[in-house]
Amino acid sequence: MNDTTTAAPPTAASATAASATAAASRWRGLMADGLWNQNIVFTQMLALCPTLAVTSSATNGLGMGLATTSVLVVSNMLVASIRNWVSPSVRIPTFIVLIAALVTLVDMSLNAWLHDLHKVLGLFIALIVVNCAILGRAEAFASRKPVLASAVDALGMGGGFTLALVVLGGVREVLGSGTLFASASLLLGDGFRFLELTVIPQYKGFLMMILPPGGFLALGFMMALRRVAETRLARQRAAAALSGAVGA
Amino acid sequence: MTDHCTPSAAGVQPLADPKPNTRPLAALWYQPVSLGLVALAASGALAFAYDAAAPAIAAAEARDVAASLAQVLPADFADNDLLADSVTIGGDGEPLKVYRARHGGRVVGVIYQVTGKGYAGPIQIVMGVDRDGRVLGVRVTRHTETPGLGDKIEAHRGPWVHRFAGKSLGDPTPARWAVKKDGGDFDQFAGATITPRAVVGAVKGGLERFAAQRAEMLGDDGAPARADSSRSAPGSPTDGAVIIATRTEKPE
């Protein structure tokens, strides 16, 4: 957690009052952790099962990401609010019971009152129960931190998860079927029909990218790319620090 | 959660402390009791939510059934309330719930569900058949096929399922009621043959059941419809010819 301040954008940090700045920068650090430094998929390599399963298209990735994020926010807040009452020896079953109940509640409520959305997201919601990232955040963060910080952490982690799924789904969809965000209007409503792109017209399709092997391939290449970017950033930072020292 | 004494001791721990004082929480009696309370609260919440949601879920699913029933019929094909006009038939197969589409009181078609064995589980299909055993329409209502591959059987993801309209056991011939890979008339999808094969097989099975139990399904003398075959030419439900031709049947 301590190395995150360097990654947070340095802008606007000096503009606000000290206490507010401390909280804001801590939260920005949490968001940066979730979105990039500690990205669930690319760094922690958690939740790979739902990741590989649903990212055959960008739309599916987005649906899974949004559903997971909302469950993660509520579960983190719930766990954080009872963290001082949970005996460490039984914390894992306690969290599992909470998360499973929560997912079932979400599933039932969506089915009852947002039935059309449930028809689109139903597949993803059942998969959230087996998403170890939810338990991972409860265990690693929410069981030791206050409610608000846990909510921010959940937003960051969920956002990073969504980002990873959309990018991975997008890459696989473009390579596999030549489209991007196909049938996004089914998930987001007719207003988002403009998202549906045909990137490569008359594309015959590269089936393997949609099948599970394509998921592993795309994920591997994206992890490698992320490492390259990380290394380059670190080198730049080191060079900047060096020139600063020389200047002084 | 309403547990006394023990939590208050832990409750005053500083928030940033990663390991709260574990001594009172480590008591042997506290572990099962706390877990039991959490489980009780969770199941209580679930029971409450189930009670609250069950009628809404049932209503939503009934609406789904009604919508899928209407989808497999051309527009204005039936003038009765399909949900209220159903019969369960037995026979050699599984009991089958058959909805009857009437026009002017006469049964003009039936709608029933068939199930195909898909790649990843059962595929539920609703099909409408007219008096002559011609398919009026087919819709897949529930499946677990691979997203992006097998889900093209859904009507809103591709035109494939519309190809069944107008087909009957004589057209194409029984041998050609198969996907092209198996020497039949129906397209498979790139990368997904099992899924369309399952749907084609299920629809064919549904037509065979209709042929075997026609009188029972129609619930009347089973007299063939008039030779006017243009009536049931389905295709697009908005097709004017279909609607007009349907209306001509009224005087009968």
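The values are calculated or read from the model by the stated rules, or taken from the named source; none is laboratory data. Remember, predicted model here, so these are calculated numbers, not experimental data. A quick note on method: Cβ atoms are made from the backbone with ideal geometry, for glycine too, and the neighbour counts reach across all protein chains shown.
Filtering the range B:120-151 to residues that are part of a strand (DSSP E or B) and not hydrophobic (A, V, I, L, M, F, W, C) leaves B:PRO122, B:GLN124, B:GLY128, B:ASP130, B:ARG134, B:GLY137, B:ARG139, B:THR141, B:ARG142. With respect to A:VAL130, determine if the residue is of a type outside the set (Phe, Trp, Tyr), more than 9 Å from chain B (Cβ to nearest Cβ) and not in a helix (DSSP H, G or I). Criteria met by A:VAL130. Filtered by the rule that a residue be of a type in the set (D, E, K, R), touching an Asp or Glu at 6+ places or on another chain (Cβ under 7 Å) and within 21 Å of B:GLY133 (Cα to Cα), the range B:160-196 gives a lone residue, B:ARG176. Scan the range A:36-52 and tell me whether some residue there is under 16 Å from A:GLY170 (Cβ atoms) and part of a helix (DSSP H, G or I). The answer is yes, given that some residue of the range A:36-52 is under 16 Å from A:GLY170 (Cβ atoms) and part of a helix (DSSP H, G or I). Would you check if there is a residue in the range B:41-57 being at pLDDT 50 or above and closer than 30 Å to B:HIS162 by Cα? Yes; the residues of the range B:41-57 include at least one that is at pLDDT 50 or above and closer than 30 Å to B:HIS162 by Cα. Going through the range A:146-169 one residue at a time, which ones are farther than 19 Å from A:ALA22 by Cα and of a type in the set (Gly, Ala, Ser)? Passing the criteria: A:ALA154, A:GLY158, A:GLY159, A:GLY160, A:ALA164, A:GLY169. Test A:LEU168 against the criterion of being at pLDDT below 90 and crowded, with 20+ Cβ neighbours inside 10 Å, and give yes or no. No; evaluated as a whole, the condition is false for this residue. Scanning the range B:32-46 for residues that are more than 16 Å from A:LEU98 (Cβ to Cβ) and either without any contact (Cβ under 8 Å) to a residue 12 or more places away in the chain or of a type in the set (Phe, Trp, Tyr) (or both) turns up just one, B:PRO32. Do the conditions hold for A:GLY158, that is, is it of a type outside the set (A, V, I, L, M, F, W, C), buried (at least 22 other Cβ atoms within 10 Å of the Cβ), assigned to a helix (DSSP H, G or I) and in contact with a Leu (Cβ under 8 Å, 6 or more places away or on another chain)? Answer is yes for this residue. The residue of the range A:113-126 that is farthest from the other protein chains (Cβ to nearest Cβ), among those that are surrounded by 19 or more Cβ atoms within 10 Å (Cβ to Cβ) and modelled with pLDDT of 80 or more, is A:ILE125. Test A:SER75 against the criterion of being among the small types (Gly, Ala, Ser), surrounded by fewer than 24 Cβ atoms within 10 Å (Cβ to Cβ) and within 29 Å of B:ALA41 (Cβ to Cβ), and give yes or no. Criteria not met by A:SER75.
On inspection, A:GLY61 does not qualify as away from every other protein chain (no Cβ under 11 Å) and either surrounded by 20 or more Cβ atoms within 10 Å (Cβ to Cβ) or touching a Pro at 6+ places or on another chain (Cβ under 7 Å) (or both). Would a scan of the range B:71-91 turn up a residue that is assigned to a strand (DSSP E or B) and among the charged types (D, E, K, R)? There is no residue in the range B:71-91 that is assigned to a strand (DSSP E or B) and among the charged types (D, E, K, R). Looking at the range A:96-105, is at least one residue more than 30 Å from B:THR141 (Cα to Cα), within 8 Å of chain B (Cβ to nearest Cβ), outside any helix (DSSP H, G or I) and at pLDDT 90 or above? Looking through the range A:96-105, none of the residues is more than 30 Å from B:THR141 (Cα to Cα), within 8 Å of chain B (Cβ to nearest Cβ), outside any helix (DSSP H, G or I) and at pLDDT 90 or above.
Among the candidates B:ALA212, B:ALA190, the residue that is loosely packed, with under 15 Cβ neighbours inside 10 Å and at pLDDT 85 or above is uniquely B:ALA212. Tallying residues that are part of a helix (DSSP H, G or I), among the hydrophobic types (A, V, I, L, M, F, W, C), at pLDDT 85 or above and closer than 24 Å to A:VAL106 by Cα within the range A:53-90 yields 13.
Residues in the range A:136-155 that are surrounded by fewer than 20 Cβ atoms within 10 Å (Cβ to Cβ), under 22 Å from A:PRO93 (Cβ atoms) and either away from chain B (no Cβ under 12 Å) or not basic (Lys, Arg) (or both): A:GLY136, A:GLU139, A:ALA140, A:VAL147. Can you pull out the residues in the range A:177-198 that are surrounded by 15 or more Cβ atoms within 10 Å (Cβ to Cβ) and either in contact with a Gly (Cβ under 8 Å, 6 or more places away or on another chain) or within 14 Å of chain B (Cβ to nearest Cβ) (or both)? Passing the criteria: A:SER177, A:GLY178, A:THR179, A:LEU180, A:PHE181, A:ALA182, A:SER183, A:ALA184, A:SER185, A:LEU186, A:LEU187, A:GLU196. The set of residues from the range A:231-248 being within 27 Å of A:PHE42 (Cβ to Cβ) and either over 27 Å from the mean Cα position of the chain (by Cα) or surrounded by 15 or more Cβ atoms within 10 Å (Cβ to Cβ) (or both) comprises A:ALA238, A:ALA239, A:ALA240, A:ALA241. Taking every residue in the range B:122-149 that is within 15 Å of B:TYR112 (Cβ to Cβ) and pairing it with any residue that is of a type in the set (Asp, Glu), at least 6 positions away or on another chain, the pairs with Cβ-Cβ distances below 6 Å are B:LEU136/B:ASP130; B:VAL140/B:GLU154. For the range A:180-201, a tally of residues being hydroxyl-bearing (Ser, Thr, Tyr) and within 23 Å of the chain's Cα centre (by Cα) returns 2. From B:GLY183, B:GLY205, which residue is away from chain A (no Cβ under 12 Å), among the small types (Gly, Ala, Ser), surrounded by fewer than 19 Cβ atoms within 10 Å (Cβ to Cβ) and touching a residue at least 60 places away in the same chain (Cβ under 8 Å)? Just one listed residue meets the conditions, B:GLY205.
Candidates in the range B:133-148 are the residues that are under 24 Å from B:ALA66 (Cβ atoms) and not basic (Lys, Arg); of these, the one that is nearest to the other protein chains (Cβ to nearest Cβ) is B:THR144. Scanning the range B:59-76 for residues that are surrounded by fewer than 14 Cβ atoms within 10 Å (Cβ to Cβ) and within 9 Å of chain A (Cβ to nearest Cβ) returns B:ALA59, B:GLU61, B:ARG63.
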